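The values are calculated or read from the model by the stated rules, or taken from the named source; none is laboratory data. Bear in mind that the values here come from a model prediction, so they are computed numbers and not experimental data. Counting neighbours? That spans all protein chains shown, and the Cβs are built from the backbone with ideal geometry, glycine included. Heads up: the accessible areas ignore ligands, DNA and RNA and are worked out on the full protein's heavy atoms, side chains in. Shrake-Rupley method; radii C 1.70, N 1.55, O 1.52, S 1.80 Å.
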Amino acid sequence: MTETNETPAPTLKEIRQKPGNSACADCGGADPDWVSCSLGVFICLTCSGVHRDLLELGKVKSIVLSSWDASEVQFLADNGNEAAKAKYEAVVPAYYYKPTRTDCQVLKEQWIRAKYERKEFTKPKKELPYEERTREGFLMKMGRGKGEFLSRKFVLSEPEGTLKYYAKPDAKEPKAVIKVDTLNASFQPEKIGKPNGLQISYLKDCCTRNIFVYHEDGKEIVDWFNAIRAVQLHYLKVAFPGASEEELKPKLTRNFVKEGYVEKTGPKQKEGFKKRWLTLDQRRLRYFKDPLDAFAKGEVYLGHRDQGYSAAPGLPTGINSNGAWDHGITVVTPTRNFLFTCESESEQQDWLGHFNNIINTPMTPQEYSMEASLNRRR
């Protein structure tokens with residue numbers, strides 16, 4: 001008899017244990033249970049829905065529920081997430097936002113389409129739509145009546161380092177000129193009530209101003225978002241010539257640390273507790289009457305514990321919550337104590353965890369300058 005030394009074919013479980021395959025190839029979610037049979041990558045359930053819609057690349061299967069033939073298993077073994085990343089993410093620009101598991105659907109969809117369908121990141125020096133020196137177009141902007149959106153012309157200029165918008169298409173003067181170094185953009189579909197909703201925040205007269213925009217075309221709004229990041233990176237490279245792109249990336253647009261409703265009392269701590277929308281943006285804690293307000297009713301800067309900042313559960317002795325919520329938080333600053341109540345203990349602990357993480361983190365020279373600027377404003 002002739003002996004054969006053929007290596008047994010790997011199983012799906014063995015293939016998923018290979019480096020890179022234990023996380024979704026697109027959003028990084030842990031333990032992906034789906035596979036793109038067209039690309040040979042492991043993906044999560046959410047991203048598999050986008051893959052199904054890719055032209056000529058839409059074959060997906062569950063590693064638990066589907067039946068597999070030997071050729072499909074071998075194709076997956078021959079490829080995998082690391083090989084796909086080397087090919088389809090070979091030259092992703094530093095400014096391009098790679099979505100994570102917790103990001104909204106439009107960011108994930110356009111990231112997947114940019115990689116596999118449009119193949120934007122496979123070859124160096126490829127012209128990308130985000131890198132135009134001037135970008136002009138129309139976005140739907142929320143008006144003063146919060147349910148009303150109006151078409152507005154926006155112009156993003158790399159040479160000027162600005163984003164402008166105009167009240168009328170033929171207007172000679174912009175309604176607002178926003179410097180990119182003061183600008184933040186964050187997708188907020190649930191808050192805005194639009195799947196492609198984008199919140200743009202910027203400094204106006206030393207106060208943070210919010211505007212809310214969207215576009216029906218997911219690619220268009222994500223292109224605007226990454227174009228803003230591209231201009232920001234250009235500005236930062238000029239401002240900090242010795243810094244690497246990786247060092248500058250954290251200074252681009254950012255997601256808020258946490259948002260949600262709390263109840264809050266006033267500075268005398270004798271006023272009734274009122275419902276407020278709280279936004280934690282790095283060290284800046286802003287509170288709004290409504291999530292879609294243009295300006296905050298107030299702002300708290302969370303400095304370092306060595307400067308007299310702290311956050312603890314509960315309210316001071318003699319202070320009783322007269323609202324619906326009774327899970328208290330006391331935030332101490334050098335100038336004032338801020339009292340909040342949360343709807344549940346889990347929300348209270350989550351806010352406290354974020355507050356104390358920030359308060360225990362050493363401050364940068366720029367953060368000390370920001371703290372001083374806000375204190376002067378008060």
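Per residue of the range 99-111, in order, report the coupling 6.51 cos²θ - 1.76 cosθ + 1.60 (Karplus, θ = phi - 60°) as ³J(HN,Hα) in whole Hz, putting x for Gly and Pro.
Calculated HN-Hα couplings, in order: x, 10, 4, 8, 6, 6, 4, 5, 5, 5, 4, 6, 5 Hz.
List the trypsin sites (Lys or Arg not before Pro) within the range 68-112 that DSSP assigns to loop and that have no more than 16 neighbouring Cβ atoms inside 10 Å.
Working: sites: Lys85, Lys87, Arg101, Lys108; in loops: Arg101.
Taking the range 68-112 and a limit of 16 other Cβ atoms within 10 Å, the loop trypsin sites (Lys or Arg not before Pro) found are Arg101.
For the pairs Lys141/Lys297; Lys119/Lys204; Lys119/Lys175; Lys175/Lys275; Lys13/Lys125, flag any whose C-alpha to C-alpha distance is greater than 30 Å. Walk me through the intermediate numbers first.
Values: Lys141/Lys297 22 Å; Lys119/Lys204 39 Å; Lys119/Lys175 37 Å; Lys175/Lys275 32 Å; Lys13/Lys125 38 Å.
Lys119/Lys204; Lys119/Lys175; Lys175/Lys275; Lys13/Lys125, as the Cα separations exceed 30 Å there.
Calculate the length of the line joining the C-alpha centroid of the range 194-230 to that of the range 64-98, in whole Å.
Cα centres, the range 194-230 to the range 64-98: 31 Å.
For Lys274 and Gln17, compute 0.36 nm times the residue count separating them, minus their Cα-Cα distance, and round to one decimal in nm.
Values: separation 257, 0.36 × 257 = 92.52 nm, distance 5.13 nm.
Once the chain is fully extended between Lys274 and Gln17, it gains 87.4 nm.
Report the extension gain between Glu82 and Val155 in nm, rounded to one decimal, defined as 0.36 nm multiplied by the number of residues separating them, less their alpha carbon distance.
Between Glu82 and Val155, full extension yields an extra 22.4 nm.
So how do 72-78, 39-45 stack up, highest first, on mean other-Cβ count within 10 Å?
Numbers: 72-78: 16.7, 39-45: 22.7.
Highest to lowest by the protection proxy: 39-45, 72-78.
With springs only between Cα atoms under 10 Å apart, run a GNM on the chain and tell me which of Gly197, Gly242, Gly266 wobbles the most.
Gly242
Consider the candidate values [x] 31, 23, 21; [y] 40, 25, 21; [z] 43, 28, 20; state which one is semi-axes √(5λ) of the Cα gyration tensor in Å computed from the structure displayed.
Only one option fits the structure, namely [z].
To the nearest 500 deg cm²/dmol, what mean residue ellipticity at 222 nm is calculated for the chain from DSSP H runs of n ≥ 4 alone, each contributing -39,500 (n - 2.57), summed and divided by the residues? Walk me through the numbers before you get to the answer.
On the way: 10 runs with 96 residues, N = 378.
Calculated from helices alone, the mean residue ellipticity at 222 nm is -7500 deg cm²/dmol.
If packing is taken as the average count of other Cβ atoms within 10 Å, what order do 227-234, 28-35 fall into, highest mean first?
On the way: 227-234: 22.8, 28-35: 18.2.
Top to bottom by mean Cβ count within 10 Å: 227-234, 28-35.
May I ask you to derive the relative contact order of the range 131-278, considering only C-alpha pairs under 8 Å and at least 6 residues apart, and to give it as an integer percent?
Values: 236 pairs, mean separation 24.7, N = 148.
Once normalised by length, the contact order is 17 percent.
Taking H placed 1.01 Å from N in the peptide plane, check which residues at least 5 places from Val60 or on another chain put their amide H under 5 Å from its amide H.
Amide H neighbours of Val60, under 5 Å, 5+ apart: Cys37.
So, by mean Cβ neighbours within 10 angstrom, what's the order for 285-294, 267-276, 202-211 with the highest one leading? Could the numbers behind the result be given before it?
Numbers: 285-294: 17.9, 267-276: 13.6, 202-211: 15.1.
Order by mean packing, descending: 285-294, 202-211, 267-276.
Would you pull out the residues with amide H under 5 Å of His327's amide H, same chain only if 5 or more places away, H placed 1.01 Å from N?
HN-HN under 5 Å from His327: Cys342.
Using the Karplus curve 6.51 cos²θ - 1.76 cosθ + 1.60 with θ = phi - 60°, what ³J(HN,Hα) values do you get for each residue of the range 54-61, in whole Hz, with x for Gly and Pro?
Per-residue couplings from phi come out as 6, 4, 6, 10, x, 7, 10, 9 Hz.
How far apart, in nm, are two points set 7 Å out from the Cα along the Cα-to-Cβ line at Tyr368 and at Arg52?
Spacing of the two 7 Å Cα→Cβ label points: 5.6 nm.
Extending each Cα 7 Å along its Cβ direction at Glu246 and Glu345, get the distance between those two points in nm, one decimal.
Taking the simple label geometry, Glu246 and Glu345 are separated by 4.3 nm.
Heavy-atom accessible area per residue, the chain, 1.4 Å probe: how many Å²?
Result: 52 Å² per residue.
List the residues whose amide H sits under 5 Å from the amide H of Phe187, counting only those 5 or more places along or on another chain, with H placed 1.01 Å from N in the peptide plane.
Placed amide hydrogens put Gln199 under 5 Å from Phe187.
Mind listing the phi-derived Karplus ³J(HN,Hα) values for the range 36-44, rounded to whole Hz, using 6.51, -1.76 and 1.60 with θ = phi - 60°, and x for any glycine or proline?
Here the 3J(HN,Hα) series is 7, 5, 6, 10, x, 10, 8, 9, 7 Hz.
Name the residues of the range 139-160 whose amide N is less than 15 Å from a point 7 angstrom out from the Cα of Val238 along the C-beta direction?
156-160
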